[in-house]
Amino acid sequence: MEIGIVGLGLIGGSLGFDLRTLGHTVKGVSRQPETGDQAIAMGIVDHASIHLSLLKDTEVIFLCTPIAAIVPTVQQLIPYLQPDTILTDVGSVKEPIVEAISPLWKQFIGGHPMAGKTTDGISAATPGLFANRPYVLTPVDNTSPQALARVEKLVHSLNARLYHCSPSNHDRSVAWISHLPVIVSASLIAACLEEDNTTVKQISQQLSSSGFRDTSRVGGGNPELGTMMAQYNQSCLLRSLHQYRQTLDRFIDQIEQSHWDKLAQELQKTQKERPRYLKED
Ligand code: NAP
């Protein structure tokens with residue numbers, strides 16, 4: 001199959017690797033010519049350009065730009081598309097994107113691979129990034145069943161775990177397990193930086209190990225992506241953050257009051273429940 005990718009970064013580049021390995025011809029478009037040259041050199045795409053017209057004969061196009069560029073990209077792409085070309089995006093927020101694109105293009109399927117790294121850009125692209133990871137599709141009432149079936153088949157071929165849900169349930173769920181963790185993790189790093197004793201701060205930086213690595217990972221990731229998640233999923237993220245603040249206050253209260261039994265009960269519950277969120281571990 002001829003497949004197009006717009007936005008050759010971590011996600012678009014990783015898709016290119018796997019789709020080419022599966023035998024598809026991959027054509028990639030990015031803003032900078034150097035990104036396309038690098039994608040060809042790395043074996044991510046067969047052809048690259050800075051012009052969307054390169055994708056005029058492709059059957060399926062993955063939209064892998066930063067969130068803010070996804071809808072404008074579709075508007076610019078439409079004049080080059082065949083009527084049955086399927087579009088699917090990988091944006092981390094779904095409701096505003098699906099609402100904007102569905103009226104513009106019938107053969108559109110919202111999607112979100114739940115896989116990432118702290119590094120970004122084409123150099124961070126990795127073969128097999130989506131294997132054993134959730135990949136959610138968010139069809140709506142007027143979604144073409146044929147287009148959905150073709151995107152499902154491609155997702156299965158990446159060895160990803162396929163899920164479906166509505167765009168709004170997607171955004172509310174990822175606020176909990178993806179966007180809240182970014183803000184919690186970033187605020188953890190920011191709080192550590194507020195230690196005013198420079199000796200203590202320096203020792204903390206020397207002693208930090210696996211616990212800090214795990215809890216700070218997503219807060220130390222791509223700032224542009226984190227800001228766009230908050231901007232485009234503002235109300236769901238705020239809802240989760242307010243609940244998180246209440247939960248944190250409860251923990252603070254238990255520690256201030258030396259209610260060790262209550263704190264131990266909370267920690268027993270979190271220890272027991274955590275695996276429900278980590279199916280692949
Ligand atoms: P990234 O590594 O920064 O890659 C984005 C790429 O898009 C850049 O390499 C850039 O290359 C290109 N680009 C930027 N603006 C463009 C435009 N207007 N037209 C064409 N290409 C453009 O970002 P990413 O992490 O792959 O994220 C891409 C999308 O995946 C986002 O929508 C994000 O929400 C979603 N996503 C990210 C993750 C994650 O953990 N990172 C996980 C799942 C989904 P040039 O500079 O050459 O244009």
Q. How large is the accessible surface per residue of the chain, computed with a 1.4 Å probe and reported in Å² as a whole number?
A. 55
Q. What is the gain in length, in nm to one decimal, between S210 and S258 on full extension, counting 0.36 nm per residue of separation less the C-alpha to C-alpha distance?
A. 14.5 nm
Q. Under a point-charge model restricted to the Cβ atoms of Lys and Arg (+1) and Asp and Glu (-1), what is the dipole moment magnitude of segment 169-277 relative to its Cα centre, in debye to the nearest 20?
A. 440
Q) What fraction of the DSSP beta bridges in segment 2-165 is antiparallel, stated in percent and rounded to the nearest 5? A) 10
Q.
With the crude spin-label approximation of a point 7 Å out along Cα→Cβ, what separation in nm comes out for L104 versus K117?
A. 3.0
Q | Semi-axis lengths (Å, descending) of the ellipsoid that matches the C-alpha gyration tensor of the chain | A | 38, 22, 17
(Q) Please list log₁₀ I(q)/I(0) at q = 0.14, 0.23, 0.25 Å⁻¹ for segment 51-152, using the Debye equation with identical point scatterers on the alpha-carbon positions. (A) -0.54, -1.36, -1.49
Q: Taking H placed 1.01 Å from N in the peptide plane, check which residues at least 5 places from Y163 or on another chain put their amide H under 5 Å from its amide H.
A: Y135, V136, L137
Q: For segment 169-277, just the Cα atoms, rotate onto the principal axes and tell me the three extents in Å, largest first.
A: 40, 34, 24
Q. Add -39500 (n - 2.57) for each DSSP H run of 4 or more in the chain, then divide by its residues: what number comes out at 222 nm, to the nearest 500 deg cm²/dmol?
A. -15000 deg cm²/dmol
(Q) Please list, ordered by chain and number, the residues whose modelled amide H lies under 5 Å from the amide H of V45; skip anything fewer than 5 residues away on the same chain. (A) I40
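The values are calculated or read from the model by the stated rules, or taken from the named source; none is laboratory data. Here the structure is a predicted model, which is why all the values come from computation and not from measurement. Every residue, glycine among them, receives a Cβ derived from its backbone with ideal geometry; neighbour counts consider all protein chains shown. Only protein heavy atoms, including side chains, enter the accessible area calculation; ligands, DNA and RNA are left aside. Shrake-Rupley method; radii C 1.70, N 1.55, O 1.52, S 1.80 Å.
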